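Asks: Right, I'll just put the structure down here and ask away after.
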Amino acid sequence: MTGRVMFDGRAQVHYRQLLIETGDGSAVYDAAFAGQTNGLVGAAVPGCAVLITGTHTGDVGLRVVLHDAAPPLDPQWGDVVEAPFTPAGPEVVVHGLMSDAVCAFALPAGSYRLRWSGAGMDEAYDGTVFADDPLVDTFELALWPAAPRPAQAIRQESRRGREAHRPHPPMSGPDHGARLQG
């Protein structure tokens, strides 16, 4: 099953975060992960999500794909989390915490399933990847229409992915408590 590719390239992250925002919402780390049972996709706030990477600062590989139905799980991804996503406006914007938009696309009103799949998180963890460096971790963000159901860790092969799913106290400070403009 193929989908409509909205973006396929390098995306800049800071503090291991990529953000999805719609409408007037801002993805804020603490609010996004409130009550969540996974540590890779914070989707507690409708219309927004925080996606966690291994790379702390710099570039990750990112592919964003829209599907008509749930795509099959690809074995290349060691860490896979699914979560509900309901856009709060007609345009979805994906960007790094302190970065310009990576991509923007229209998404009709309704409820969706978001799948965040990653590879290379252990090798990339807390590292820096400059624009001329080879990519260390890569990710795919897939979206398709689906009835809302709780977030779920589907696959947890990396050490960092498994550790992210452990309960942890809320993070605070300017890097996690609020969306920063950069």
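Asks: Of all the residues that make up region 117-147, how many are within 25 Å of Gly35 (Cα to Cα), at pLDDT 95 or above and either polar (S, T, N, Q) or over 13 Å from the mean Cα position of the chain (by Cα) (or both)?
Replies: Summing the residues that are within 25 Å of Gly35 (Cα to Cα), at pLDDT 95 or above and either polar (S, T, N, Q) or over 13 Å from the mean Cα position of the chain (by Cα) (or both) in region 117-147 gives 5.
Asks: If Pro87 passes every condition in (1) farther than 16 Å from Gln12 by Cβ; (2) surrounded by fewer than 23 Cβ atoms within 10 Å (Cβ to Cβ) but one, which one does it miss?
Replies: With respect to (1) farther than 16 Å from Gln12 by Cβ; (2) surrounded by fewer than 23 Cβ atoms within 10 Å (Cβ to Cβ), Pro87 is out only on (2).
Asks: So which of Val94, Val64, Val81 ends up being in contact (Cβ under 8 Å) with a residue 24 or more places away in the chain, more than 15 Å from Gly25 (Cα to Cα) and touching a Cys at 6+ places or on another chain (Cβ under 9 Å)?
Replies: Just one listed residue meets the conditions, Val64.
Asks: For residues in region 91-110 being open to solvent by less than 60 Å² (accessible area, probe 1.4 Å) and of a type in the set (A, V, I, L, M), which is nearest to Gly61 (Cα to Cα)?
Replies: Restricting attention to region 91-110, the residues satisfying the condition of being open to solvent by less than 60 Å² (accessible area, probe 1.4 Å) are 92-99, 102-105, 107, 110.
Now restrict to residues that are of a type in the set (A, V, I, L, M): 92-94, 97-98, 102, 104, 107.
Numbers: Val92: 19, Val93: 17, Val94: 13, Leu97: 16, Met98: 17, Val102: 11, Ala104: 17, Leu107: 22 Å.
Selected residue: Val102.
Asks: Pairs under 7 Å by beta carbon, first residue farther than 22 Å from Ala131 by Cα in region 1-13, partner outside any strand (DSSP E or B) and open to solvent by less than 40 Å² (accessible area, probe 1.4 Å), six or more apart or different chains?
Replies: Short answer, once both residue conditions are applied: Met1/His67; Met1/Pro71; Gly3/His67; Gly3/Pro71.
Asks: Pick out the one residue from Arg113, Arg63, Arg16 that is open to solvent by less than 20 Å² (accessible area, probe 1.4 Å) and of a type in the set (Lys, Arg).
Replies: On the way: Arg63 fails: open to solvent by less than 20 Å² (accessible area, probe 1.4 Å); Arg16 fails: open to solvent by less than 20 Å² (accessible area, probe 1.4 Å).
That would be Arg113, the only listed residue that is open to solvent by less than 20 Å² (accessible area, probe 1.4 Å) and of a type in the set (Lys, Arg).
Asks: Taking Arg159 and the conditions (1) modelled with pLDDT under 90; (2) under 21 Å from Val92 (Cα atoms), which numbered condition does it fall short on, given that it satisfies the others?
Replies: Of everything listed in (1) modelled with pLDDT under 90; (2) under 21 Å from Val92 (Cα atoms), Arg159 misses just condition (2).
Asks: Scanning for something assigned to a strand (DSSP E or B) and either among the acidic types (Asp, Glu) or under 25 Å from Glu163 (Cα atoms) (or both), does region 67-77 turn up at least one residue?
Replies: Scanning region 67-77 turns up no residue that is assigned to a strand (DSSP E or B) and either among the acidic types (Asp, Glu) or under 25 Å from Glu163 (Cα atoms) (or both).
Asks: Working carefully through the options Thr37, Thr53, find the one that is surrounded by fewer than 22 Cβ atoms within 10 Å (Cβ to Cβ) and hydroxyl-bearing (Ser, Thr, Tyr). Spell out the reasoning first.
Replies: Working: Thr53 fails: surrounded by fewer than 22 Cβ atoms within 10 Å (Cβ to Cβ).
Checking each option against the conditions leaves just Thr37.
The values are calculated or read from the model by the stated rules, or taken from the named source; none is laboratory data. Predicted model only: the values in this text are computed from it and were never measured. A quick note on method: Cβ atoms are made from the backbone with ideal geometry, for glycine too, and the neighbour counts reach across all protein chains shown. Just the protein is used for accessible areas: all its heavy atoms, side chains included, with ligands, DNA and RNA removed. Shrake-Rupley method; radii C 1.70, N 1.55, O 1.52, S 1.80 Å.
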